[in-house]
Amino acid sequence: MADRFFPNEMPDFVPENPVEGSIPGSSGDPLSKLLHIPYKAVAERLKLAALDLKEIVVKETWGLSGRRVSDYTVYTGALGTAYLLFKAYQISNNKDDLKLCSEIVKACDAASRNSERVTFICGRAGVCALGAVVAKHSGDERLFEQYLTKFKEIELPEELPNELLYGRAGFLWACSFLNKMIGKDTVSSRRTRPVVDEIIKSGRRLGKKERCPLMYEWHGKKYWGAAHGLAGIMHVLMDMELKPDEVEDVKGTLRYMIRNRFPSGNYPSSQESESDRLVHWCHGAPGVALALVKAAEVFGDEEFVKAAIDAGKVVWERGLLKRVGICHGISGNSYVFLALYRLTGRVEFLYESKAFACFLLDKSQRLISEGIMHGGDRPYSLFEGIGGMAYLFLDMTEPSEARFPAYEL
């Protein structure tokens, strides 16, 4: 199991040195020095590194492709580059980033026109939703209306899974994204409510067999994680207007997961799994922790706060993965601490997010070049590669506003 992650040898907490410079008793290790530097100074370094990484990502995923799109998705494709550019624009207000973002979205629009995938992360809904938001920020009302119309024309197939990456939850997330970024009821409940009904009905049907309020299958497995299972679906449902009995089903499902976690505090990848190996956003404690933070914010129940903190301990101990990305790497796991900081205001969680980010800043590129760390099958993408690391670094500049991309709102 330990071959999946680096031993976390960083101190559990390091008081910040108010003045950058020499650190009494320091061994001279660059990572140790970074951990002592005040957060704002580290965040500025991370921002500069992120802007450099952004240029590399754009060159590799857009420039060298001849500005042609073969993979249009947020997950591993050009839309992930556009999403990163939009984040860079939000942080630095560089209009060139917004303009290039819009250009890439237009290419993704053309590439996804005949796609039957309907989610934000891996489908056409992501293209149209991000396109509408970018057009709104650009002041192009005509283009905004075009993308919004295209979004509203998306039809959901009857035979659709319920999960986040390819299913109903992924479409609902795109609706919530539009409602947050453009305005309430940009996508009305008349569109979302039938989808919620299908998710609840499907979950209850399978849940009866498992003695859990809601349960789902994807490719024959009852997954628990954020990408394909319970955590991701519950996370999305909590942004919907739910009936009282549906609220209780969501709460009950999360409580079921808490009761049936591993003795280590980690969560199974699926209902059938007895393997306590994965500490990823997609499978294991990180994705569940973010859903529990959401539950604590929405419902205010102390049990969800405690369970989220417990999951965060697993991520601190075993989440320094030998991968760089958002989906199953250190970048994604860092968001657990940012979410816990937002929830509790406790400075130790801000330190833990800083520690993981500093580990990446100091060591990732060398470890990748040496083959010790996996740079991702698509090494410049948002969810697998350094695109996700750049996004994290940008998010660290405003930690209270940081959100896991395409998952937290």
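The values are calculated or read from the model by the stated rules, or taken from the named source; none is laboratory data. Nothing here was measured: the structure is a model prediction, and the numbers come from that model. Cβ sites come from the backbone with ideal geometry, for glycine too, and all protein chains shown count toward neighbours. Calculation scope for accessible area: heavy atoms of the full protein, side chains included, ligands and nucleic acids excluded. Shrake-Rupley method; radii C 1.70, N 1.55, O 1.52, S 1.80 Å.
For this structure, a couple of remarks:
- Close pairs from segment 366-383: first surrounded by fewer than 18 Cβ atoms within 10 Å (Cβ to Cβ) and among the hydroxyl-bearing types (Ser, Thr, Tyr), partner at pLDDT below 95 and in a loop (DSSP other than H, G, I, E, B), Cβ under 9 Å, at least 6 apart: Ser369/Gly375
- Verdict on Ile200 being modelled with pLDDT of 95 or more, surrounded by fewer than 19 Cβ atoms within 10 Å (Cβ to Cβ) and β-branched (Val, Ile, Thr): no
- Only helices (runs of 4 or more DSSP H) whose full extent lies in segment 272-363 are considered here, and the ones with at least 1 residues that are among the basic types (Lys, Arg) and surrounded by 24 or more Cβ atoms within 10 Å (Cβ to Cβ) are 285-299, 302-318.
- Asp109 vs. criteria among the charged types (D, E, K, R) and closer than 21 Å to Thr73 by Cβ: yes
- Pick from segment 72-82, criterion open to solvent by less than 20 Å² (accessible area, probe 1.4 Å) and among the hydroxyl-bearing types (Ser, Thr, Tyr), ranking: farthest from Leu48 (Cα to Cα): Thr73
- Residue in segment 140-158 that is aromatic (Phe, Trp, Tyr), in contact with a Leu (Cβ under 9 Å, 6 or more places away or on another chain) and touching a residue at least 60 places away in the same chain (Cβ under 8 Å) present: no
- Just one of the listed residues (Gly325, Gly332, Gly312) is in contact with a helix residue (DSSP H, G or I) (Cβ under 7 Å, 6 or more places away or on another chain), at pLDDT 95 or above, within 19 Å of Ser264 (Cα to Cα) and of a type in the set (Gly, Ala, Ser), namely Gly312.
- Pairs where the first residue, in segment 397-409, is hydrophobic (A, V, I, L, M, F, W, C) and the second is open to solvent by 50 Å² or more (accessible area, probe 1.4 Å), C-beta under 8 Å, 6+ apart: Ala402/Arg342; Leu409/Lys180; Leu409/Asp239; Leu409/Arg403
- Inside segment 112-126, residues that are surrounded by 20 or more Cβ atoms within 10 Å (Cβ to Cβ) and farther than 21 Å from Leu392 by Cβ make up a count of 7.
- Taking the conditions (1) surrounded by 23 or more Cβ atoms within 10 Å (Cβ to Cβ); (2) under 21 Å from the mean Cα position of the chain (by Cα) in turn, Leu35 satisfies each one other than (2).
- The number of residues in segment 231-268 being open to solvent by 20 Å² or more (accessible area, probe 1.4 Å), closer than 20 Å to Arg190 by Cα and not in a helix (DSSP H, G or I) comes to 5.
- Applying the criterion of being assigned to a helix (DSSP H, G or I) and more than 20 Å from the chain's Cα centre (by Cα) to the residues of segment 62-79, the residue that is modelled with the lowest pLDDT is Gly63.
- Only one entry of Gly220, Gly170, Gly207 meets the criterion of being open to solvent by less than 60 Å² (accessible area, probe 1.4 Å) and on the phi > 0 side of the Ramachandran plot, and that entry is Gly220.
- Restricting attention to segment 83-94, the residues that are part of a loop (DSSP other than H, G, I, E, B) and surrounded by 23 or more Cβ atoms within 10 Å (Cβ to Cβ) total 0.
- Ala129 being open to solvent by less than 10 Å² (accessible area, probe 1.4 Å), in contact (Cβ under 8 Å) with a residue 12 or more places away in the chain and within 22 Å of Lys95 (Cα to Cα): yes
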